[in-house]
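The structure under discussion appears below in the form of structure tokens.
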Amino acid sequence: MPELRKDPIVDRWVIIAKNRAQRPQELDSALHTRAPGPCPFCEGNERATTPEVLAFREPGSAIDAAGWRVRVVPNKFPALTTEGGSEHRGEGLYQSLPGFGAHEVIIESPRHLVSTSELTHDGLCEVIAAYRDRLLALKADRRLVHAMVFKNAGAAAGASIEHVHSQLIALPVTPTAVQEELDAALAFHQQRRCCIFCDLVERERASGERMVLDLPGFVAICPFASRFPFETWIVPTAHQSHFESITHAAICELALALREAIRRIETALNRPAYNYVIHTAPFDTSDLGHYHWHIEVAPRLTKIAGFEWGAGYYINPAPPEEAAAFLRSAEVDFTTPQNVPIKEAR
Ligand SMILES: [Zn+2]
Ligand SMILES: [Zn+2]
Ligand SMILES: [Zn+2]
């Protein structure tokens, strides 16, 4: 069984999950090719996955059979399991928890598409609705404190299967990256009496320098201290701390913004591997005035190397102001990789 271990020096959890080593590597990161054989995520191959926990299906179609549009299944090689309790095990310095949690895969299309940008608008709306529905279902389990939705697109971003999909991991603890944001946002709110994300949206709109998209309900910006070249955040313009509180209307607006942001990144950078992650408030809090959910998108154009690993800081060779300008012009200006304003830093 997997185990969550807390670093005895800093406030950081690690998931020790031996079974993850057994998962098949369909995508070869060196060759960028797909292994032969049937795709487990294509319609008709439902038996190749674990039984579904959610599916949006055509009326009359059977569970775990063809006829679905979006399908959510537990990961076959989970980093965490739903068996057992979530009680702390402490031995002095060494604190640990059983690897309790959920690890699910959201299969975004029955067809063998490889990118979010290939989904129809309605299709992407249903993917976002599936994220919301799964978070609401997992939130009902009091042992879980947080769920993170993420996408690994392309082998260089950690994907092992090409078919368009995303994942979610629900944990009995709040991930460090989210906790750091929560703490900083709370301190800002106590001092200035406003949400730092709402303030940031206002400032970025006023300057326009780092703005990629300003659409109804959502903006896409390259953040001031971008860690990665072309890092892009998609932020709702109305204050909301919990992603799972998203309305039907906002789902449609988010689908437009997310698809357009990814389409621009793909056009401008010649379809790079990328990750996105939804940062949202923990389940055991409600309607926080200081926190504001958002999506962070990071194209994988540079490798995390010695300094980044050692320092926890990043060296970004692409200024976010130039990256944003490049993404703004991406629609009209189809650009080849040679025109990408990135210099190799290391
Ligand atoms: Zn497929
Ligand atoms: Zn806000
Ligand atoms: Zn964040």
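Here is how the numbers come out for the structure above:
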read-out	value
Selected from 304, 262, 169 as most flexible by GNM, with the chain as the system and alpha-carbon contacts under 10 Å	304
Reachable lysines from residue 151, criterion Cα separation under 20 angstrom, eight or more residues apart if same chain	76, 303
Over the stretch 80-153: Rg over Rh, Cα atoms, Kirkwood Rh	1.12
By average C-beta atoms within 10 angstrom, highest first, the peptides 287-297, 172-182	287-297, 172-182
Distance histogram in 10 Å bins (all Cα pairs of the chain, percent per bin)	5, 23, 34, 28, 9, 1, 0
Ranking of 145, 219 by count of other Cβ atoms within 10 Å, fewest first	145, 219
The chain: most fluctuating residue of 135, 200, 327 per GNM, C-alpha cutoff 10 Å	200
The stretch 2-11 - phi-based ³J(HN,Hα) in whole Hz, Karplus 6.51/-1.76/1.60, Gly and Pro as x	x, 9, 9, 10, 9, 4, x, 9, 10, 7
From phi via Karplus (6.51, -1.76, 1.60), per-residue ³J(HN,Hα) for the stretch 278-288 in Hz, x at Gly/Pro	9, 9, 9, 5, x, 4, 8, 10, 9, 5, 7
Computed [θ] at 222 nm, deg cm²/dmol, the chain (DSSP H ≥ 4; -39,500 (n - 2.57); rounded to nearest 500)	-8000 deg cm²/dmol
For a label point 7 Å along the Cα-to-beta-carbon line of residue 285, residues of the stretch 188-213 with backbone N under 20 Å	188-202
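Computed from the coordinates by the stated procedures, all read-outs in this text should not be read as laboratory data. Note that the structure is a prediction, hence the values are computed from the model and not measured. We place every Cβ from the backbone using ideal geometry, glycine too, and count neighbours over all the protein chains shown.
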